[in-house]
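Report on the following structure.
The values are calculated or read from the model by the stated rules, or taken from the named source; none is laboratory data. Quick caveat: nothing in here was measured; it's all calculated off a predicted structure. For neighbour counting, all protein chains shown are included, and Cβ atoms are generated from backbone atoms with ideal geometry for every residue, glycine included. Accessible surface areas use protein heavy atoms only, side chains included; no ligands, DNA or RNA. Shrake-Rupley method; radii C 1.70, N 1.55, O 1.52, S 1.80 Å.
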Amino acid sequence: MIKNNLAYVLIVSLAILLILEVVLRILPSYYVRLDDTLDHTLVPNVAFKEPAFGRIITMQTNSLGLRNEEISGKDGRTRILMVGDSFTQGLVVELNETFSKGLGKMLGPKYEVINAGVLSYSPILEYLYLKYKGLKLEPDIVIMNFDMTDVKDDYGYYSKADFDRGEVTAVNA
């Protein structure tokens, strides 16, 4: 029984990863692009409308390819960087409806919350994002958002990862 369940989980996981790979390659190049270090990223400076659950939302990115307004210089506010997947990115909601924006509104003007969520990211890609890009934004606090798909996604990304002395250095597209 356990063998059958394990086989079923493995087959379903591989099928989901295959579908994800196909979707990422099919998505228009104006939104997602393949990346040799982070597997995929959002394309900088795009804006378009797309249907989401019976309404049309505006999806846009800033010059860094983040679903966020442009990031100004460090201005004395406490800077919070939120990393995660499509839930953090706010894939099916308007920018002002993302929980990054909600946190910023709740905390007030002394805080700057940066949304660095990217669809299909998991801890391995979030780590690489922080290592190569996120820490350059000089965050005071980093919040990693986890969800139920992260274990499965990490399993797939580890199979494409490059390592140097046990440390992951890239996940190839």
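Quick notes on this structure:
- Unmet requirement for residue 144, which otherwise passes all of (1) within 14 Å of the chain's Cα centre (by Cα); (2) open to solvent by less than 60 Å² (accessible area, probe 1.4 Å): (2)
- Test: residue in region 86-104 that is touching a strand residue (DSSP E or B) at 6+ places or on another chain (Cβ under 8 Å), exposed (fewer than 12 other Cβ atoms within 10 Å of the Cβ) and over 28 Å from residue 155 (Cα atoms): no
- Failed item, numbered, when residue 168 is tested on (1) over 24 Å from residue 12 (Cβ atoms); (2) open to solvent by 20 Å² or more (accessible area, probe 1.4 Å): (2)
- Screening region 38-146 for strands (runs of 3 or more DSSP E) wholly inside it with 1 or more residues that are touching a residue at least 60 places away in the same chain (Cβ under 8 Å) returns the ranges 39-42, 78-83, 141-144.
- Taking the listed residues 24, 14, the one that is within 14 Å of the chain's Cα centre (by Cα), at pLDDT below 85 and within 18 Å of residue 120 (Cβ to Cβ) is 24, with no other qualifying.
- Subset of region 28-37 [crowded, with 17+ Cβ neighbours inside 10 Å and either more than 14 Å from the chain's Cα centre (by Cα) or not in a strand (DSSP E or B) (or both)]: 37
- Qualifying residues in region 147-161 (those that are assigned to a helix (DSSP H, G or I) and touching a residue at least 40 places away in the same chain (Cβ under 8 Å)) - the one most open to solvent (accessible area, probe 1.4 Å): 155
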